[in-house]
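See below for the structure under consideration.
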Amino acid sequence: GNSVTQMEGPVTLSEEAFLTINCTYTATGYPSLFWYVQYPGEGLQLLLKATKADDKGSNKGFEATYRKETTSFHLEKGSVQVSDSAVYFCALSDSSSGGSNYKLTFGKGTLLTVNP
Amino acid sequence: DAGITQSPRHKVTETGTPVTLRCHQTENHRYMYWYRQDPGHGLRLIHYSYGVKDTDKGEVSDGYSVSRSKTEDFLLTLESATSSQTSVYFCAIGTGGGAFFGQGTRLTVV
């Protein structure tokens, strides 16, 4: 079956530090990969996505590259801000079996705290 | 804003009582999902729907049922609530560009 493993954290950084949150996956087909962000008390928001190998998703200074050879989709940001403090979820959607139902399989989430 | 509204946003209920959570979308999407979020587990799929009256189980479906009589509404029912169902429940709609989530319902079973 499908699974997502991500660094569980928590991760604590100072403002302007470099961020990496690791994510690896197992999938039976050719998944699309996503990063979601959840701010305190809110629902999940789609941060970025990649649909095929070597695609790079980017948004709000965050980036992640779909690496099929290492089955990874690590999230990076060059300079984090206090406002980036949130929980980050890696997820995959595998539509190769049974049609496109867009179901997501999530990692357990990584809590990021950025201090001034 | 994907036009997804969950109700209620918060609920406290007693063990053994039935509870229904509602998800309403304004985008006319075919696919809808119910997930639960628990510390240490991320989000886990309870049930999903791929059309009116078409539903299927997810990985943690025991103790839950769903119904979809209209495209815009997807209901999650806990037939007899237990303390293990204390959680935050999220509804989502699915597209090729990713899933879009409601604000969540925090359910406490006492």
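Please treat every number below as a calculation from the coordinates, not as lab data. All values derive from a computational prediction rather than experimental measurement. Here the Cβ positions follow ideal geometry from the backbone for every residue, glycine too, while neighbour counts run over all protein chains shown.
On the basis of the beta-carbon distance and an R0 of 22 Å, residue B:95 and residue B:7 show a calculated FRET efficiency of 0.45. Legend: distances between Cα atoms for A:60/B:57; A:60/A:108; A:60/B:11; A:108/B:53; pairs beyond 27 Å are A:60/B:57; A:60/B:11; A:108/B:53.
Under the definition of partner shielding as Cβ atoms of other protein chains within 10 Å of a residue Cβ, what is the mean value for peptide B:40-53?
3
Let's test the formula: R0 of 30 Å, r as the Cβ-Cβ distance of residue A:52 and residue B:20. What FRET efficiency results, to the nearest 0.05?
0.15
Build a GNM of chain B with springs between Cα atoms under 10 Å apart, and of B:51, B:63, B:40 the one that fluctuates most is B:40. A cut-off of 5 Å between modelled amide H atoms, ignoring neighbours fewer than 5 places along the same chain, links residue A:108 with A:6. Dividing the convex hull volume of the alpha carbon atoms of chain A by its residue count gives 93 Å³ per residue.
Ordering of B:16-22, B:28-34 by packing is B:28-34, B:16-22, highest average first (other Cβ atoms within 10 Å, averaged per residue).
The 3J(HN,Hα) values that the Karplus relation (6.51, -1.76, 1.60; θ = phi - 60°) gives for the stretch A:10-16 are, in residue order, x, 10, 10, 10, 8, 3, 6 Hz. Gly and Pro appear as x. Here each label is just a point 7 Å from Cα along the line to Cβ, and for residue A:42 and residue B:54 those points are 3.3 nm apart.
From Cα pairs below 8 angstrom and at least 6 apart in sequence, can you work out the relative contact order of chain B, rounded to a whole percent? Answer for chain B is 36 percent. Note on A:40-48: average number of Cβ atoms from other chains within 10 Å of each residue's Cβ is 5.
Only Cα pairs under 8 Å and at least 6 apart count here; give the relative contact order of chain A as a rounded whole percent. Answer for chain A is 37 percent.
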